[in-house]
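*Asks:* One structure follows; several queries about it will come next.
The values are calculated or read from the model by the stated rules, or taken from the named source; none is laboratory data. Only a predicted model underlies this, so the values are computations on that prediction, with no experimental measurement involved. Heads up, the Cβs are rebuilt from the backbone with ideal geometry, glycines too, and the neighbour counts pull from every protein chain shown.
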Amino acid sequence: MHSVTKYIGGHSDVVAGALMFNDAKLFETLYFNIKSMGTMIAPFDAWIALKGSKTLALRVERASQNALEVAKMLEAHPKIAKVRYPGLPSHPHHEIALRNRANTNCSGGSGMLSFYVNGDLAQTKKFLSSL
C-alpha cells in the first residue's frame, strides 16, 4: 500500500493511493471490488499524479538528504534519547538501507524518521505541545 498523495503526487493537489500485489488471487478479488464499487482513481487525478511523478526522483533525493541531516542533528542533541533513521549507521538495518539505495543518490533512509525524547511522559508532552 502506498500513498500517491505524499511522494508520487508531491504537490498537495491529489488524494490517491496505490496497492501492489504478489498474489494474483488477492489482486483479482480486490480488483473486482474496485471495479464494482467505482473506487478507482479518476482520470484527472491520475493525470495530476503522473505529472507529479516527473519530479519524484529529485523530491525523494532531497527529502532523504534533509532527513539525514535532521537525524544527525537529533542524534547529537543531549535531549534526544534515540533516533530511528535507516540512513544513520546507528540504525539496526543501516546495511540493508545502504544496499537498497545502490544506484541512487538517496541517503538510504527516505524522508521519514522518528526519535525518542529524553525524560518522562510530562517532558515528552511538553515538547509535543510546543511544536
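*Asks:* Return the pairs, sorted by first residue and then second, in which the second residue is hydrophobic (A, V, I, L, M, F, W, C) and part of a helix (DSSP H, G or I), the first residue lies in the stretch 16-32 and is on the phi < 0 side of the Ramachandran plot and assigned by TED's automatic domain parsing to the domain that holds I48, the beta carbons are less than 6 Å apart, and the residues are 6+ apart or on different chains.
*Replies:* A16/V4; A16/A49; G17/V4; A18/V4; F21/F27
*Asks:* Shifting gears a bit: Within the bounds of the stretch 60-69, is there any residue that is more than 15 Å from the chain's Cα centre (by Cα), modelled with pLDDT of 90 or more and surrounded by 11 or more Cβ atoms within 10 Å (Cβ to Cβ)?
*Replies:* Within the stretch 60-69, one or more residues are more than 15 Å from the chain's Cα centre (by Cα), modelled with pLDDT of 90 or more and surrounded by 11 or more Cβ atoms within 10 Å (Cβ to Cβ).
*Asks:* When you look at K51, is it closer than 30 Å to V117 by Cα, of a type outside the set (A, V, I, L, M) and under 24 Å from the mean Cα position of the chain (by Cα), yes or no?
*Replies:* Criteria not met by K51.
*Asks:* If I filter the stretch 1-15 down to residues being in contact (Cβ under 8 Å) with a residue 12 or more places away in the chain and assigned to a helix (DSSP H, G or I), which single residue comes out as surrounded by the fewest Cβ atoms within 10 Å (Cβ to Cβ)?
*Replies:* By that ranking, first place goes to Y7.
*Asks:* Inside the stretch 38-117, counting only helices (runs of 4 or more DSSP H) that do not spill past its ends, which hold 2 or more residues that are of a type in the set (A, V, I, L, M, F, W, C), outside the structural domain of A18 (by TED's automatic domain parsing) and touching a residue at least 40 places away in the same chain (Cβ under 8 Å)?
*Replies:* Helices (runs of 4 or more DSSP H) meeting the threshold: 56-76.
*Asks:* Restricted to the stretch 22-47, and to residues that are of a type in the set (F, W, Y) and surrounded by 12 or more Cβ atoms within 10 Å (Cβ to Cβ), which residue is modelled with the highest pLDDT?
*Replies:* Applying the filter and picking the extreme gives W47.
Matching residues to (1) touching a helix residue (DSSP H, G or I) at 6+ places or on another chain (Cβ under 6 Å); (2) over 18 Å from H2 (Cβ atoms); (3) surrounded by 12 or more Cβ atoms within 10 Å (Cβ to Cβ):
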| residue | (1), (2), (3) |
| --- | --- |
| K51 | no, no, yes |
| H94 | no, yes, yes |
| G111 | yes, no, yes |
| L131 | no, yes, no |
